[in-house]
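To keep things clear, I will list the structure first and then write my remarks on it.
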Amino acid sequence: MSLKPLPLNTSRFEGCTLTGALSVTTSVRNSISVVHGPRGCAHHNFSLLHATSLEHDGIGAPAIQSSGLLEKEIIFGGEAALEQALSHAVSLSPSCIFVLSTCIAETIGDDAGAVCRKDWGVPVIPVPTGGFLGGVFEKGVNNALCTLSDMAEPRSSEGTVNIIGEKNLEFEVEENFKEVSRLLSVLGLFVNTRFVHNISDKDIAQIGRASFNVLRDPGACPVGDHLKVRFGTAYIPSFPAGLAGTIQFLEMAAAAGRVPFRSAVADEIALQEEVLNGFSDLAGSSISPNGLKMTSPVYSIVREVTSALDMGFSDTGCHVPVPLDPPVGTAGIQRMLHRWRRAIHA
Amino acid sequence: MKQIALYGKGGIGKSTTSANLSAALSLQGLDILQIGCDPKRDSTRMLMHGSFIPTVMDLVRERGDAEVFKKDVVYTGFNGVRCVEAGGPEPGVGCAGRGIIATFQLLEKFGALTGDVIVYDVLGDVVCGGFAMPMREGYAQEIYLVTSGELMSLYAANNICKAIRRLSQRSKSTCRLAGVICNAKNMPGEEDLVAEFARRVNSSLVQYIPRDRAVQIAEIHKQTVIEYDPASEQAQRYRTLASRVMENTTFTIPIPLEIDELEALALEYLQI
Ligand code: SF4
């Protein structure tokens, strides 16, 4: 029996909007995120982000502070507590401060926006994140991205691409980014801004100048639409997934960037063949769907890869690790196949 | 110790009724504590000869609860009736319901929730959980609904019936409906209407209090009717109310009416 929880049993896409928003705002270098609410709302998010950043070999703790609402503030209103927290945050000289609301702050109706509008000497930007108002992790990510995008002005620059809504907490965030930049670079395009992954507020100000945007996945479409309205930038709704999907991505990116694609596509097809040849020893072995739903986007990729390699796919097959999200690009498929090989030959 | 609460629509005359009831009960030789739960803090004013006493919430806001003591919040008014005003946050800020909860907990800590009868004077057209708190936590065990024959105040009374019914389903709940007090606007047919309303919600009319100038005159003199004009007919009504409250043993789980039922009832009785 595998003790590893199946993707079906996890709720990683649910939870609180605050967590989603913090996964974005804490990725802005030299910023501070002030969580306006009871300490608990900040604490478990701090722990989660800290633990994740250690996993990713990150350094330091996320810059999160709490306005620390207690019963007195619940009764009399917490705006004064927020002001105090902001004064403290300002004294640490950040480049900007994000204020994230919580269930409590929204319930008692604190006007965090009005407190933020005071002259603090640094940009203080409110992000609406009251967990109980509905929406989940993803909504928090999108709210934060849309709010942050308002820090930039429209400008134009050919040949540059923004990467929008990277999943900062995902295991292979850097590898996935590298693969997307590689695919863009073979078309002669380069990345303008990672919105938002480990960037500064100056980088945020640049997001208005890109020929197009690439979203991490279709969940970020509301952000893509927001940027389209604000800066007129079109978007590709997802990172490349699967063999054919990667080729299609190259074609879409070439069209969006108005650059030729034929030779890049031919090279990529050759690269994919080379990768698959490297795993020809897996032909004939069989893997198990392992609870994977047919409607899952990962399912179609797994089927595509097994059929390209002449592998079987049945309930009696070997239990191989299947990623939660579709593997990104040709490199993502290569990493997945390495893990399959270890499981099959174990 | 009897713990009673008067609930009803804002402006219906709960404070006048509570203060006169407390005064009348105190004249029976009982030790009475009256707690006003309205941010307006006028519940105990007539018992205090017109002065507004400081509210628990104001003091907590200014000093923090560690610096607030029993003597700062419990005042002695007419005939030894002890008076407390809970107060509340500024309008539109924070959570007044939670303020009521905090006030009761503070009074409990002081050992101030004692006496033969505690009278809670609670505004009842705001029915968030915080204002149902006296019922929910067993502070108020016998609920009296104060209403006139006006539809809006019957609505509020009916809503409180819903709250009592809901809360009575909890295993630890001790809160029951003890009766309806008609604080009349002197509309024709009003007493019959309120009596019928009381019957339909599975309770009874405990006392009919007509609108009487005696109340206004007493209030101009910053006193309850019981104190200012004890010989008046109105004072007698409050004394009867006090006796009935003390003798009352019929506590029920109310059956709230549907809105159209309530409207039909009002139409039937009021001569328009
Ligand atoms: S759900 Fe509400 S209370 Fe819980 S962490 Fe999120 S904001 Fe805080």
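One table, with the values for the structure above:
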item: Residue that is nearest to B:L123 (Cα to Cα), among those in region B:35-69 that are of a type in the set (S, T, N, Q) and away from chain A (no Cβ under 14 Å); result: B:S43
item: Given (1) buried (at least 18 other Cβ atoms within 10 Å of the Cβ); (2) within 24 Å of A:V141 (Cβ to Cβ), number of the condition A:G77 does not satisfy; result: (2)
item: Of all residues in region A:170-189 being without any contact (Cβ under 8 Å) to a residue 60 or more places away in the chain and small (G, A, S), the one that is farthest from A:R258 (Cα to Cα); result: A:S181
item: Some residue of region A:124-146 being within 15 Å of the ligand (Cβ to nearest atom), of a type in the set (A, V, I, L, M), over 30 Å from A:V214 (Cα atoms) and not in a loop (DSSP other than H, G, I, E, B); result: no
item: Selection count where residues are out of contact with any Pro (no Cβ under 8 Å at 6 or more places or on another chain), closer than 24 Å to B:Y120 by Cα and open to solvent by less than 70 Å² (accessible area, probe 1.4 Å), scope region B:186-211; result: 11
item: Members of region A:102-123 found to be among the β-branched types (V, I, T), open to solvent by less than 60 Å² (accessible area, probe 1.4 Å) and either within 14 Å of chain B (Cβ to nearest Cβ) or within 16 Å of the ligand (Cβ to nearest atom) (or both), listed by number; result: A:T102, A:I104, A:I108, A:V115
item: Residues that are more than 11 Å from A:F279 (Cα to Cα) and either in contact (Cβ under 8 Å) with a residue 24 or more places away in the chain or outside any helix (DSSP H, G or I) (or both), drawn from region A:337-346; result: A:A343, A:I344, A:H345, A:A346
item: Residue that is modelled with the lowest pLDDT [pool: residues in region A:1-23 that are of a type in the set (A, V, I, L, M) and more than 16 Å from the ligand (Cβ to nearest atom)]; result: A:M1
item: Within region A:44-64, tally of residues that are assigned to a helix (DSSP H, G or I), more than 18 Å from A:C16 (Cα to Cα) and without any contact (Cβ under 8 Å) to a residue 40 or more places away in the chain; result: 2
item: Qualifying positions in region A:65-74 - crowded, with 21+ Cβ neighbours inside 10 Å and assigned to a loop (DSSP other than H, G, I, E, B); result: A:S67, A:L69
item: Matching residues, region B:54-76, being loosely packed, with under 12 Cβ neighbours inside 10 Å and under 23 Å from the mean Cα position of the chain (by Cα); result: B:T76
item: Any chance A:L82 is within 14 Å of chain B (Cβ to nearest Cβ), open to solvent by 50 Å² or more (accessible area, probe 1.4 Å) and either within 16 Å of the ligand (Cβ to nearest atom) or farther than 19 Å from A:G20 by Cβ (or both); result: no
item: Any hit, region A:24-33, residues being at pLDDT 95 or above, within 15 Å of the ligand (Cβ to nearest atom) and either within 14 Å of chain B (Cβ to nearest Cβ) or in a helix (DSSP H, G or I) (or both); result: yes
item: Flag for A:L82 being touching a strand residue (DSSP E or B) at 6+ places or on another chain (Cβ under 6 Å), in a strand (DSSP E or B) and in contact (Cβ under 8 Å) with a residue 12 or more places away in the chain; result: no
item: In region A:89-118, residue farthest from A:V24 (Cα to Cα) [restricted to those that are of a type in the set (A, V, I, L, M) and not in a helix (DSSP H, G or I)]; result: A:I108
item: Region B:213-231, subset touching a residue at least 24 places away in the same chain (Cβ under 8 Å) and out of contact with any His (no Cβ under 6 Å at 6 or more places or on another chain), residue nearest to B:Y155 (Cα to Cα); result: B:V215
item: Single residue of B:D116, B:D121 found to be open to solvent by 40 Å² or more (accessible area, probe 1.4 Å) and more than 13 Å from every other protein chain (Cβ to nearest Cβ); result: B:D116
item: Filter result for A:H44 (near the ligand (Cβ under 10 Å from one of its atoms) and open to solvent by less than 30 Å² (accessible area, probe 1.4 Å)); result: no
item: Checklist (1) open to solvent by less than 20 Å² (accessible area, probe 1.4 Å); (2) over 23 Å from the mean Cα position of the chain (by Cα) applied to A:A283, failing item; result: (1)
item: Options A:S307, A:S296; residue that is surrounded by fewer than 16 Cβ atoms within 10 Å (Cβ to Cβ) and of a type in the set (S, T, Y); result: A:S307
item: Test result for A:G224, in a helix (DSSP H, G or I), in contact with a strand residue (DSSP E or B) (Cβ under 6 Å, 6 or more places away or on another chain), open to solvent by less than 40 Å² (accessible area, probe 1.4 Å) and within 30 Å of A:R155 (Cβ to Cβ); result: yes
item: Count - residues of region B:27-42 that are of a type in the set (A, V, I, L, M, F, W, C) and under 17 Å from the mean Cα position of the chain (by Cα); result: 4
item: Residues being crowded, with 19+ Cβ neighbours inside 10 Å and within 16 Å of the ligand (Cβ to nearest atom) - total across region A:47-64; result: 3
item: Residue in region A:90-99 that is at pLDDT 95 or above, more than 13 Å from the ligand (Cβ to nearest atom), closer than 20 Å to A:G131 by Cβ and out of contact with any helix residue (DSSP H, G or I) (no Cβ under 8 Å at 6 or more places or on another chain) present; result: no
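Table: residues versus (1) open to solvent by less than 30 Å² (accessible area, probe 1.4 Å); (2) away from every other protein chain (no Cβ under 14 Å); (3) at pLDDT 95 or above.
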position	(1), (2), (3)
A:E138	no, yes, no
A:L145	yes, yes, yes
A:E153	no, yes, no
A:I163	yes, yes, yes
A:N176	yes, yes, yes
A:R182	no, yes, yes
A:R194	no, yes, yes
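The values are calculated or read from the model by the stated rules, or taken from the named source; none is laboratory data. These numbers come from a predicted model, not from an experiment. Note that each Cβ is placed from the backbone with ideal geometry, even for glycine, and that neighbours are counted across all protein chains shown. In case anyone asks, the SASA skips ligands and DNA or RNA and just uses the protein heavy atoms, side chains included. Shrake-Rupley method; radii C 1.70, N 1.55, O 1.52, S 1.80 Å.
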